[in-house]
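K.L.:
Can you keep this structure in mind? I'll have questions shortly.
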Amino acid sequence: MPEMIDIQDIQFYYKNDMEETTLALKDITITVEPGEFIVIIGHNGSGKSTLAKHMNALLLPTKGEVFVKGFNTKDEAHVWDIRQNAGMVFQNPDNQLVATIVEEDVAFGPENLGVPPVEIRKRVDEALNVVDMSEYRDKAPHLLSGGQKQRIAIAGIIAMRPNCIIFDEPTAMLDPSGRREVIRTIKKLNKEENITIVHITHFMEEAVNADRVIVMGDGQIVLEGKPKEVFSKVEQLKELGLDVPQMTDLTNELIKEGIDLPQDILTVDEMVMELCQLK
Amino acid sequence: MFKDITIGQYYPTGSYVHELDPRTKILATLALIVGLFIINTFVPYIYIVAFILGVVYVSKVPLGYVLKGLKPLRVLILFTFIINVFMSQGDIIWSIGPLNATREGIYKALFMAIRLILLVVGTSILTLTTSPISLTDGIEQLLNPMKKIGVPAHELAMMMTIALRFIPTLLEETEKIMKAQMARGADFESGNVISRAKGLVPLLVPLFISAFRRADELAMAMEARCYRGGENRTKMKELKMDRGDTIALATTALLLVILVVHRTVL
Amino acid sequence: MSIKIENLTYVYNPGSPFETKALEDINIEIESGEFIGLIGHTGSGKSTLIQHLNGLIKPTSGKIVINGIDITEKTVKLSDIRRKVGLVFQYPEHQLFEETVYKDIAFGPQNLGLSETEIDQRVREAMELVKLPFDELRDRSPFELSGGQKRRVAIAGVFAMKPEVLVLDEPTSGLDPRTRDEVLDEIKTLHDRYKNTVILVSHSMEDVAKLVDRVIVMHNGKVIFSGTPREVFKETETLESIGLGVPQISYLVKALKKKNINLREDIFTVEEAKEEILKWIRSNKNV
């Protein structure tokens with residue numbers, strides 16, 4: 001099976017109202033394998049959202065190529081195949097929901113694909129089940145909380161049976177419990193439904209369970225590796241304007257003071273274990 | 001507070017009328033309107049009133065609730081009545097200054113007033129028994145055949161659906177913006193018409209900008225979900241007419257026939 | 001500007017099937033110049049509570065006395081209250097509307113009826129407080145700015161009114177970590193400079209902990225407890241049970257205690273944890 005997403009050395013410029021060009025992405029090369037859980041982190045303006053939109057042909061690179069499941073995003077004939085295979089969930093929960101009733105919104109995607117009505121019904125029921133929102137099927141979207149709306153948006157994408165879902169800062173506008181609901185759903189989709197996940201965020205703690213973390217700064221990839229590898233580069237992350245979990249920060253501070261600890265402590269339990277061993 | 005607003009006056013009771021295909025109800029309402037304009041004597045009103053009362057009864061919507069829809073139109077009805085009383089030619093029964101009330105005038109006024117009342121009641125039964133989204137689906141299906149002559153049925157229906165979906169959201173946002181500006185000392189209440197209009201700028205500008213931003217984001221989300229217009233699109237909930245609809249349509253047709261007969265023969 | 005809230009209760013849609021008690025018997029006293037953190041889960045009533053403070057909502061029962069004046073009295077002019085109590089809503093950049101940054105920030109002071117010179121001074125001061133360069137940005141359209149800059153313009157718009165009580169509802173929502181830290185810093189600077197009363201509503205314990213004198217915790221329309229950040233953060237179980245998280249450090253202290261490693265129980269920053277752990281390691285070595 002070929003790579004799910006293959007981004008080859010792309011660049012992206014955009015022009016603003018005053019005809020000034022800004023280089024939003026530079027020298028980006030990323031390969032996402034099927035079933036992977038990738039987290040892309042960066043401060044606001046690092047280009048992460050722009051990068052996300054290249055993955056489902058909402059944007060086309062100024063230089064370089066992007067392939068999704070083998071299809072080139074520049075190939076107009078296959079745009080819809082690409083978007084069916086690489087679903088996208090956006091930041092604003094409200095501005096993704098189009099219908100007046102939850103289940104009709106979830107049906108929107110399959111309807112666009114021309115799926116037969118009986119099959120749509122089945123997919124909608126399944127999708128709502130996966131995100132734990134079946135009891136809200138005939139409620140109006142505006143009555144739901146932020147976290148619930150995002151889960152409906154996710155259900156709408158699942159109903160299209162994509163192989164990969166790209167999450168563009170899905171928790172940025174949610175309160176802590178909404179964030180937890182969405183993160184839990186994303187994890188479930190990767191672990192239980194085997195969907196490839198590309199999760200874009202500026203919250204470090206959401207990267208803890210990723211297979212791979214990519215850190216962006218000013219339009220370029222600055223760091224890449226497993227979470228433990230990336231998190232331990234505390235000074236660099238701070239300079240990039242990112243938060244590190246308190247445990248990682250503490251580990252770094254203690255190591256600076258000469259205490260013998262492994263660099264990659266992420267959780268409270270790991271810290272407790274390591275400190276006990278120091279006894 | 002804005003969250004509790006129900007759009008239109010949809011009053012769900014799950015009755016036979018509610019369950020009818022929206023197209024049936026739209027067509028029936030159109031037939032009723034046509035009927036009301038065909039008749040030119042008082043007697044046929046009895047059939048129409050009987051029909052309406054029958055429908056209200058089956059719909060299980062309280063009659064009082066149905067008649068509430070007339071309240072905002074009291075003034076208009078009264079106005080229509082008075083105009084017709086004084087503006088018609090005929091035998092003068094009563095005068096007040098230069099205005100003459102004629103017998104013909106009174107008959108005409110009554111006729112027009114009753115027509116107006118029945119028009120309002122008839123159409124409000126449609127909105128009371130059919131949810132906005134149902135209505136939209138019904139209108140889309142009815143306009144579908146007209147796509148051949150360039151009527152964008154699907155696009156119109158999509159616009160209506162999105163509008164309905166966002167009305168509560170935008171109302172909520174309006175409230176938020178008003179509060180934020182009031183916290184900065186904005187006054188939406190006092191002053192004359194002109195100053196109040198100017199005072200709306202801090203409310204309308206952010207609202208419009210927000211609406212455009214929403215539209216932009218929504219369009220992107222729709223494209224990401226493979227939306228490409230109405231071609232080759234299926235619908236999860238397909239409208240299907242069944243026996244109940246046939247009965248309803250037949251009854252309405254019968255009424256219309258009776259009214260036409262009345263006008264032409266009697 | 002002391003604030004005294006007595007037996008405040010607020011009920012939505014009273015007498016209808018949708019009746020909900022948003023606030024129940026709230027009693028709070030805030031001294032002039034205090035920096036308060038108001039914490040609670042969504043639905044705890046914190047947004048409803050703060051809207052009472054500037055008269056946007058009137059209580060169903062109870063009193064709110066600001067600087068000796070009961071603002072719930074019918075005779076009180078709302079404009080006077082709003083002069084004294086400034087409120088920054090969540091995502092305040094949604095309220096921007098003017099053609100230039102200068103005009104938008106000036107909106108508040110204008111509504112206060114100040115002179116042109118005074119307004120000019122206020123705008124300059126406010127922009128300086130939120131670290132927006134005056135000359136460079138004053139004539140730009142607020143809509144051309146970045147998200148973080150827009151947020152600052154919106155906050156400046158309320159700063160410029162120089163309220164004696166400043167209430168901020170989740171001022172850092174949606175901001176990335178660096179911008180968030182900067183904005184919180186700017187709020188702290190404002191408080192230090194003007195010594196006004198500041199109430200910061202948040203669900204981030206970490207944000208609040210570093211800045212405030214006192215934390216008030218709400219749940220289901222009631223005040224659960226209040227105290228200094230240290231006092232409140234020790235109650236990890238209670239806070240968790242009402243859906244709030246505590247800093248990782250607080251959890252660490254509790255977990256270490258179970259392993260017989262006793263650190264000071266009231267710490268919650270990385271700095272403090274480092275000091276405490278170093279102390280423990282050194283004392284251990286001496287044994």
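Nothing in this text is a laboratory measurement; each read-out follows from the coordinates by a stated rule. Quantities reported herein were computed from a predicted structural model and do not represent experimental measurements. No Cβ is skipped: glycine too gets one built from the backbone with ideal geometry, and neighbour counts run over all protein chains shown.
K.L.:
Search the range A:150-178 for residues that are among the hydroxyl-bearing types (S, T, Y) and pair each with any residue that is in a loop (DSSP other than H, G, I, E, B) when their beta-carbon atoms are under 8 Å apart and the residues are at least 6 apart or on different chains.
P.N.:
Pairs found: A:T171/A:F203; A:S177/C:H41; A:S177/C:T42; A:S177/C:G243.
K.L.:
Out of curiosity, is C:I64 in a strand (DSSP E or B), more than 24 Å from C:P142 (Cα to Cα) and either among the aliphatic types (A, V, I, L, M) or out of contact with any Gly (no Cβ under 6 Å at 6 or more places or on another chain) (or both)? Break it down into steps so the answer makes sense when it comes.
P.N.:
Details: in a strand (DSSP E or B): yes; more than 24 Å from C:P142 (Cα to Cα): yes; either among the aliphatic types (A, V, I, L, M) or out of contact with any Gly (no Cβ under 6 Å at 6 or more places or on another chain) (or both): yes.
Yes: the conditions hold for C:I64.
K.L.:
Condition (residue is of a type in the set (G, A, S), part of a helix (DSSP H, G or I) and more than 11 Å from every other protein chain (Cβ to nearest Cβ)) applied to the range B:189-201: is it met by at least one residue? Working first, answer last.
P.N.:
So the first thing to find is which residues in the range B:189-201 are of a type in the set (G, A, S), and the list is B:190-191, B:195, B:197, B:199.
Applying the additional criterion that residues be part of a helix (DSSP H, G or I) yields B:195, B:197, B:199.
Keeping just the survivors that are more than 11 Å from every other protein chain (Cβ to nearest Cβ) gives B:195, B:197.
Yes; the residues of the range B:189-201 include at least one that is of a type in the set (G, A, S), part of a helix (DSSP H, G or I) and more than 11 Å from every other protein chain (Cβ to nearest Cβ).
K.L.:
For C:E73, only one of the following conditions fails: (1) surrounded by fewer than 19 Cβ atoms within 10 Å (Cβ to Cβ); (2) within 14 Å of chain B (Cβ to nearest Cβ). What is its number?
P.N.:
(2)
K.L.:
Which strands (runs of 3 or more DSSP E) sit wholly inside the range A:31-132 and have at least 3 residues that are surrounded by 23 or more Cβ atoms within 10 Å (Cβ to Cβ)? Explain how you work it out, then say what you get.
P.N.:
On the way: elements: A:37-42, A:63-68, A:86-89.
Per the criteria, A:37-42, A:86-89.
K.L.:
Exactly one of these conditions fails for B:L207: (1) assigned to a helix (DSSP H, G or I); (2) surrounded by fewer than 16 Cβ atoms within 10 Å (Cβ to Cβ); (3) among the hydrophobic types (A, V, I, L, M, F, W, C). Give me its number.
P.N.:
(2)
K.L.:
Inside the range A:173-279, counting only strands (runs of 3 or more DSSP E) that do not spill past its ends, which hold 3 or more residues that are more than 14 Å from chain C (Cβ to nearest Cβ) and either crowded, with 22+ Cβ neighbours inside 10 Å or not basic (K, R) (or both)? Don't jump to the end; show me each part of the working.
P.N.:
Numbers: elements: A:196-201, A:212-217, A:220-225.
Hits in the range A:173-279: A:196-201, A:220-225.
K.L.:
Let me ask another. Yes or no: the range A:143-154 includes at least one residue that is at the interface with another protein chain (Cβ under 8 Å from one of its Cβ atoms), under 24 Å from A:A207 (Cα atoms), touching an Asp or Glu at 6+ places or on another chain (Cβ under 7 Å) and surrounded by fewer than 24 Cβ atoms within 10 Å (Cβ to Cβ).
P.N.:
No: the range A:143-154 contains no residue that is at the interface with another protein chain (Cβ under 8 Å from one of its Cβ atoms), under 24 Å from A:A207 (Cα atoms), touching an Asp or Glu at 6+ places or on another chain (Cβ under 7 Å) and surrounded by fewer than 24 Cβ atoms within 10 Å (Cβ to Cβ).
K.L.:
Also, quick follow-up: Can you go through C:K222, C:K188, C:K210, C:K195 and tell me which one is within 14 Å of chain A (Cβ to nearest Cβ), surrounded by fewer than 21 Cβ atoms within 10 Å (Cβ to Cβ) and among the basic types (K, R)?
P.N.:
C:K210
K.L.:
Now, a different point. Considering only the range A:135-144, I want to know if a residue exists there that is assigned to a loop (DSSP other than H, G, I, E, B), among the charged types (D, E, K, R), over 17 Å from B:K235 (Cβ atoms) and touching a Leu at 6+ places or on another chain (Cβ under 6 Å).
P.N.:
No: zero hits.
K.L.:
What's the number of the only condition in (1) in a helix (DSSP H, G or I); (2) of a type in the set (V, I, T); (3) more than 10 Å from chain A (Cβ to nearest Cβ) that C:V215 fails to meet?
P.N.:
Of everything listed in (1) in a helix (DSSP H, G or I); (2) of a type in the set (V, I, T); (3) more than 10 Å from chain A (Cβ to nearest Cβ), C:V215 misses just condition (1).
K.L.:
Conditions first: (1) within 11 Å of chain B (Cβ to nearest Cβ); (2) touching a His at 6+ places or on another chain (Cβ under 8 Å); (3) among the acidic types (D, E). A:D168 passes all but one, so which condition is the exception?
P.N.:
Evaluating A:D168 over (1) within 11 Å of chain B (Cβ to nearest Cβ); (2) touching a His at 6+ places or on another chain (Cβ under 8 Å); (3) among the acidic types (D, E) leaves (2) as the failure.
K.L.:
Report, by residue number, each residue of the range C:189-206 that is free of Cβ contacts under 8 Å to residues at least 40 places away in the same chain and within 21 Å of C:S47 (Cβ to Cβ).
P.N.:
C:S204
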